[in-house]
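**Student:** Questions regarding the structure given below will be posed in turn.
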Amino acid sequence: INTSQILDFNGSNTLTLTGSGAAASRPLINSGTFTQSTGTVAYTGTSALEVSNLTSDTITYNNLSLIPGGTVTHTLGTAISQTLQVNGTFTIGDGTNAVTATAATYNPALDLRGNLTIAASAVYTKGSGTTTFKKGSSQTLTDSTTSKQDLGTVVNAVNTTNTTLSLGSSAKVPTLTI
């Protein structure tokens, strides 16, 4: 999306990105206007990629799904000190194909305002950034993996009203701030 173009999700449509790559060749690069509405951006490629983020591309996702067509690694963010914001559901994996979502490369902060689901076949590699649940109402964290994924530092924050974080499964969180 270049500076003179606009992509506007009208309603709950899904933008499926089948490409892969990093830096200037990643599947979604925004230098124009990206309006997320209530839709979903689904990264479904079969090769490694970088997931665009809030800081460099001005992208806030409503629902974000990392559901690859094969065994791949998705790197969260595109540069150091960024924030990846998801206002709806953030889904890592589909329970069939193995996906690794790594925050360890760029260490982004994750600003989650919806539910987080980690599928049985997924791996999450934490970075030094904080994962913040801050919907301002009820959110659910579900980790369906056998050996629970280490989410790193997690904060349950207020966003106008209190946020209630419910566990849909067991979870591994070394540091939790409420």
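**Student:** Return a yes/no flag: does the stretch 170-177 have any residue that is in contact with a helix residue (DSSP H, G or I) (Cβ under 7 Å, 6 or more places away or on another chain), part of a loop (DSSP other than H, G, I, E, B), open to solvent by less than 60 Å² (accessible area, probe 1.4 Å) and in contact (Cβ under 8 Å) with a residue 12 or more places away in the chain.
**Tutor:** no
**Student:** Then there is this: Please tell me if Thr35 is surrounded by fewer than 18 Cβ atoms within 10 Å (Cβ to Cβ), among the β-branched types (Val, Ile, Thr) and modelled with pLDDT of 85 or more.
**Tutor:** In short, no.
**Student:** Could I ask something else about it? I want to confirm something. Restricting to the stretch 77-91 and keeping residues that are more than 17 Å from Thr35 (Cα to Cα) and aliphatic (A, V, I, L, M), which single residue is most open to solvent (accessible area, probe 1.4 Å)?
**Tutor:** Result: Ile80.
**Student:** Another question, then. Sort out which residues of the stretch 120-151 are over 26 Å from Ser81 (Cβ atoms), open to solvent by 20 Å² or more (accessible area, probe 1.4 Å) and not in a loop (DSSP other than H, G, I, E, B), and write them in order of number.
**Tutor:** Narrowing the stretch 120-151 to residues over 26 Å from Ser81 (Cβ atoms): 120-121, 137-138, 140, 142-148.
Now drop any that are not open to solvent by 20 Å² or more (accessible area, probe 1.4 Å), which leaves 120-121, 137-138, 140, 142, 144, 146-148.
Selection gives Ser138, Thr140, Thr142.
**Student:** Moving to a separate point now. Which of (1) part of a strand (DSSP E or B); (2) modelled with pLDDT of 85 or more; (3) not basic (Lys, Arg) is the odd one out, the single condition Ser47 does not satisfy?
**Tutor:** (1)
**Student:** Checking Gly114 against (1) within 13 Å of the chain's Cα centre (by Cα); (2) closer than 14 Å to Thr83 by Cα; (3) part of a loop (DSSP other than H, G, I, E, B), only one condition comes out false. Which one?
**Tutor:** (2)
The values are calculated or read from the model by the stated rules, or taken from the named source; none is laboratory data. Treat the numbers as computed from the prediction; the structure is a model and nothing was measured. Quick reminder, even Gly has a Cβ in these numbers, built from the backbone with ideal geometry, and neighbours come from all protein chains shown. These area figures cover heavy atoms from the full protein model, side chains too; ligands, DNA and RNA do not enter into them. Shrake-Rupley method; radii C 1.70, N 1.55, O 1.52, S 1.80 Å.
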